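Participant: First, the structure itself, so that you have it in front of you.
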Amino acid sequence: MTVELERINEIIDCYSAERMHALAILEDIQREYNFLPRKALEQTAKRLGVTEGEIYRMATFFKSFSLHPKGEYVFKVCLGTACHVMGGPRILESLERELGIKAGETTPDGKFSLEAVRCLGACALGPVVVVNEEPYAHTTPDRAVKLVRSIAADEAEADGDGPPDETPSARSAADPSSALPSG
Amino acid sequence: MPKLKSVEELEALRDQLHRELSASAKTSTTITVGMGTCGISAGAREVMRAILDELEERDVEARVTTVGCIGMCSKEPLVDIQQGDDPRVTYGNLKPKMVPRIVEEHLMNGQVVDDWVVGRIATGYEDIPFYNKQLRHVMRNCGMIDPKSIEEYIASGGYEALAKALTTMTPREIITEVKASGLRGRGGAGFPTGRKWESTLEAEGEVRYVVANGDEGDPGAFMNRSLMEGDPHAIIEGMIIGAYAIGAHEGFIYVRDEYPLAVKNLSLALEQAKEYGLLGESILGVDFDLDIRIVRGAGAFVCGESSALMQSIEGKVGEPRPKHYHATERGLWDQPTALNNVETWANVPLIINNGADWFASSGTEDSTGTKTFCLAGQITNTGFIEVPMGITLHEIVYDIGGGVPGNGEFKAIQTGGPSGGCIPADKLDLEVDYDSLLEAGSMMGSGGMIVMDNHTCMVDVARYFVDFLKDESCGKCSPCREGIRRMLEILTRVTEGDADMADLDLLETLGRTVQDASLCGLGKSAPNPVLSTLRYFRDEYEAHIKDKTCPAGVCRALIEYTINPEACTGCGLCQRDCPQDAISGERKGPHAIDQELCIKCGICQDVCRFDAVGVR
């Protein structure tokens, strides 16, 4: 994805160019590109009048940020206490085996990223897996693997016509009026 | 909607909204779908879609509305149907395919589908056993009104406390009332809220700030999320009252990035409040201005700590500061700041409306009022609850939570998140308040309660929390940064069967040093899960060290999966799903696991339908 200076300025211009908005600006950039491109960090530092080092420090301190592009489908496996007790770690392992990557990595084709996260706040329905902000309750290692396979199959069917708008799954018939803001 | 310029205008609007809403409720059918994050995860959107489709197809008239989490998470997706004055009927665990029958039988023929009903509300929540011992004050609107509608909030008495505070009370009187109520910080530390406000008011500064902490980082806690999603206006109303009391004109709500729906509902609520003149300049015609903004966190647990949170709002890295000054004196941008948890703020309108005595009439002498908790883990009724302080853990686990499901046996309840501890079965008579939990080696924390049964290894749990804190320690001070890592190393050795008994003493010494010497609350409380499990479950540690066994069958280095040849039918399911091809056997004959190849992933046990796979 090309990173246009113009677009980055548009994002920054949603706020007054003050340091207090640095976190919000970085979050919006992350949402736009799925990671924080170097050019965007440099421009943010310049516009806010802080050093690049300070912005880089924020980009590496907060766990929501990534300095590398993430996959089209980001699998977040919850390892909060309840999910841990209910078997979250085994789901993570089965996804690691299925995707051939470790938590924190992205498949070489750029399709899937796998992340271990600490509590998504759906503890009553654990273990929880979230795919591109779509939560799945009471997951098992088996079901998580099937979800990957169904996405991969749908992707293969789409035959490279570009990414679909929603996670293709039994759960994609979402009511648009109540949809979570998409990443 | 024009801005409300006086209390009279607000009251007139409330009357009008109340009349309109109750008139439409009397004459029509209202279908309410629980659409908190829990509901959505369980499939509420599909159920909602099915309802809308079915109503259209059958040409049935009904008002369909969405609400936040009502608390019965284990029964999600939940749908309520209210027809006129009839009791409100709650259906649970709904699936889209169940919708046609409900529409036909209940809506068209007036026959409630009893098979799927989880409760009926005629007089109040108490009608449903799960709510029987609860006292829903802060959560009064959660699951009852549409959090996206300021009109419903106003109609149900919203912003009444604000009007009262602004026009009939002085800032000092508000603070006196809050002090008298005995309200203590609901984020977990339990500092008296009124005293905090008083210090902020009295501190010298050019400007003052109010901040709401919605950075619920404790794994296993989701009360704040449910509250922010389900009743955002209550938090905002509390903040406006607090800001008026301390003389602040700017406020911030800091919300975790992991809670997109909470951010969405709060943002909408702030816009609505501005539109109605309940935020902005000359609120309700009174000479008082306030603006509140949302700041999204970015996935750093330490930002739930007050000084780190404020650093983060300022646009800096969220590292805690030494507490030479309190936030009440030098908080945001070094100005006096009243920082409270979102639940604390949501309690404020209740105190103003009903008075300090009413508030203090529930709870215990030193911990007044109610507290929200969430129940998760190995418990039948997982969910979001609110109880009076002083209730026993036993009542929470058994009367409300319904005990441990299946054939599991209760082992411990973990409270207070990574800063808390594990409380064993023989301490279940403990009355829940700030002080008794501290005495038991745990803490109130923000309110997560995770129930663990005999399949949970307490050493593994301690290791889990320390591993979590190793990642979340910001690294600024060495006792926390290094101490936690060394504790993790020791705990890892224990779970792998490589530790000796001297390691347990070392763990305790290290733990106490980290408690004493760390800079902020994260480090000071980090050893709690280790120390509390050592205190109550030392025998499990010893079994790992002396006998090289994990009694709960969790720690991989110490267990083996085996197939019971008597129970195995040779169906081949486990053989097919084993990622290591470690299982072999004749078709229809007993299978066996090659221990050399086995990675102990446990999939064989998951897929076995005959309970033939065991752990040894």
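All of the numbers you see were taken from the coordinates with simple rules; none came from a lab. This structure is a prediction, so every number in the text was calculated from the model and none was measured. All Cβ positions, even for glycine, are placed from backbone atoms using ideal geometry, and neighbour counts span all protein chains on display.
Participant: What FRET efficiency do you get for residue B:164 and residue A:14 if R0 is 45 Å and r is their Cβ-Cβ distance, rounded to the nearest 0.05?
Facilitator: My answer for the efficiency is 0.75.
Participant: Under a plain spin-label model, where a point goes 7 Å from the Cα along Cα-to-Cβ, how far apart in nm are residue B:505 and residue B:486?
Facilitator: 1.5
Participant: While we're here: Once both labels are modelled 7 Å past Cα along the beta-carbon direction, what's the residue B:180-residue B:334 spacing in nm?
Facilitator: For residue B:180 paired with residue B:334, the spin-label model returns 3.9 nm.
Participant: What does the charge add up to near residue A:93, with Lys and Arg as +1, Asp and Glu as -1, over the other residues with Cβ less than 12 Å from its Cβ?
Facilitator: Net charge in that neighbourhood comes out at +3.
Participant: Arrange B:609, A:19 by Cβ neighbour counts within 10 Å, fewest through most, would you?
Facilitator: B:609, A:19
Participant: Using a/c under 1.5 as the rounded threshold, could you call the protein assembly as shown rounded, prolate or oblate? The axes a ≥ b ≥ c are square roots of the C-alpha gyration tensor eigenvalues, and prolate needs a/b larger than b/c, oblate otherwise.
Facilitator: Rounded shape, in that the Cα axes give a/c under 1.5.
Participant: Only sites in a loop by DSSP and with at most 13 other Cβ atoms within 10 Å count here; which GluC sites (Glu not before Pro) in the stretch B:259-368 make the cut?
Facilitator: The qualifying sites are B:281, B:365.
Participant: Same structure, new question: Please report, in debye to the nearest 20, how large the charge dipole of the stretch B:229-297 is about its Cα centre when each Lys and Arg carries +1 at its beta carbon and each Asp and Glu carries -1 there.
Facilitator: The calculation lands at about 180 debye.
Participant: Using +1 at the C-beta of Lys and Arg and -1 at the C-beta of Asp and Glu, which of A:25, A:55, A:77 has the Cα lying farthest in the positive direction of the dipole of the stretch A:15-84?
Facilitator: In the stretch A:15-84, that residue is A:77.
Participant: Can you put B:382, B:492, B:66 in order, fewest other beta carbons within 10 Å first?
Facilitator: In order of increasing Cβ crowding within 10 Å: B:492, B:66, B:382.
Participant: Hey, which lysines would be in cross-link range of residue B:588, C-alpha to C-alpha under 23 Å, not counting anything within fewer than 8 residues on its own chain?
Facilitator: none
Participant: Give, as a single signed number, the net charge of other residues whose beta carbon lies under 14 Å from the beta carbon of residue A:52, with Lys and Arg counted +1 and Asp and Glu -1.
Facilitator: +4
Participant: Within the set A:63/B:476; B:5/B:26; B:3/B:274; B:316/B:476, which residue pairs have Cα atoms separated by over 20 Å?
Facilitator: B:5/B:26
Participant: Turning to a different aspect of this structure: Any lysines with Cα under 20 Å of the residue B:600 Cα? List them, leaving off those in the same chain fewer than 8 positions away.
Facilitator: In chain and number order, the partners are A:102, B:548.
Participant: Can you give the longest run of chain B that contains no chymotrypsin sites (Phe, Trp or Tyr not before Pro) sitting in a DSSP loop with at most 15 other Cβ atoms inside 10 Å?
Facilitator: B:1-324
Participant: With +1 on the Cβ of every Lys and Arg and -1 on the Cβ of every Asp and Glu, and nothing else charged, how large is the dipole of chain A about its Cα centre, in debye rounded to the nearest 20?
Facilitator: It works out to roughly 840 debye.
Participant: What 222 nm value per residue comes from the helices of chain B, counting each DSSP H run with n ≥ 4 as -39,500 (n - 2.57) and dividing by all residues, nearest 500 deg cm²/dmol?
Facilitator: -11000 deg cm²/dmol
Participant: Which of the three applies to the stretch B:415-540, rounded, prolate or oblate, going by the alpha-carbon gyration tensor with a ≥ b ≥ c and a/c under 1.5 meaning rounded?
Facilitator: In terms of gyration-tensor shape, oblate.
Participant: Assign one of three labels to the stretch B:326-386, namely rounded, prolate or oblate, based on the Cα gyration tensor with a ≥ b ≥ c the square roots of its eigenvalues; rounded applies when a/c is under 1.5, prolate when it is not and a/b is larger than b/c, and oblate otherwise.
Facilitator: oblate
Participant: What is the gain in length, in nm to one decimal, between residue B:588 and residue B:199 on full extension, counting 0.36 nm per residue of separation less the C-alpha to C-alpha distance?
Facilitator: 132.5 nm
Participant: Can you pull out the trypsin sites (Lys or Arg not before Pro) in the stretch B:295-401 whose DSSP state is coil and whose Cβ has at most 15 other Cβ atoms within 10 Å?
Facilitator: B:323
Participant: Still on this model: Pop the C-beta distance of residue B:249 and residue B:395 into the FRET formula with R0 = 45 Å and round what comes out to the nearest 0.05.
Facilitator: 0.55
Participant: If you don't mind, there's one more thing I want to ask. If you filter the stretch B:86-149 for GluC sites (Glu not before Pro), then keep DSSP loop positions with at most 10 other Cβ within 10 Å, what is left?
Facilitator: Sparse-neighbourhood loop GluC sites (Glu not before Pro): none present.
Participant: Of all DSSP beta bridges located in the protein assembly as shown, what percent are antiparallel, nearest 5?
Facilitator: If we restrict to bridges inside the protein assembly as shown, about 55 percent are antiparallel.
Participant: Using Cα pairs closer than 8 Å and at least 6 residues apart in sequence, work out the relative contact order for chain A, in percent.
Facilitator: Across chain A, relative contact order equals 17 percent.
Participant: Next up: Projecting each Cα onto the charge dipole of the stretch B:269-413 (Lys/Arg +1, Asp/Glu -1 at the beta carbon, about the Cα centre), which of B:298, B:356, B:340 comes out farthest on the positive side?
Facilitator: Working it through, the farthest residue towards the positive pole turns out to be B:298.
Participant: If R₀ is 22 angstrom, what is the calculated FRET efficiency for the pair residue B:126 and residue B:358, using the beta carbon separation as r and rounding to 0.05?
Facilitator: The computed FRET efficiency comes out at 0.75.
Participant: How much of the DSSP bridge set in chain B is antiparallel, in percent, rounded to the nearest 5?
Facilitator: Just about 60 percent of them are antiparallel.
Participant: On to the next question. Where the only charges are on Cβ atoms (+1 Lys, Arg; -1 Asp, Glu), what is the dipole of chain B about its Cα centre, to the nearest 20 debye?
Facilitator: Magnitude of the dipole: close to 680 debye.
Participant: Compute the length gained on full extension between residue B:581 and residue B:323: take 0.36 nm times their separation in residues and subtract their Cα-Cα distance, giving the result in nm to one decimal.
Facilitator: So the extension gain works out to 87.2 nm.
Participant: Mind giving me the nanometre distance, one decimal, between the label points for residue A:2 and residue B:117, set 7 Å out from Cα along Cα→Cβ?
Facilitator: 6.4
Participant: Could you work out how much longer the chain between residue B:275 and residue B:206 gets when fully extended? Use 0.36 nm per residue separation minus the Cα distance between them, nm to one decimal.
Facilitator: Answer, rounded to one decimal: 22.0 nm.
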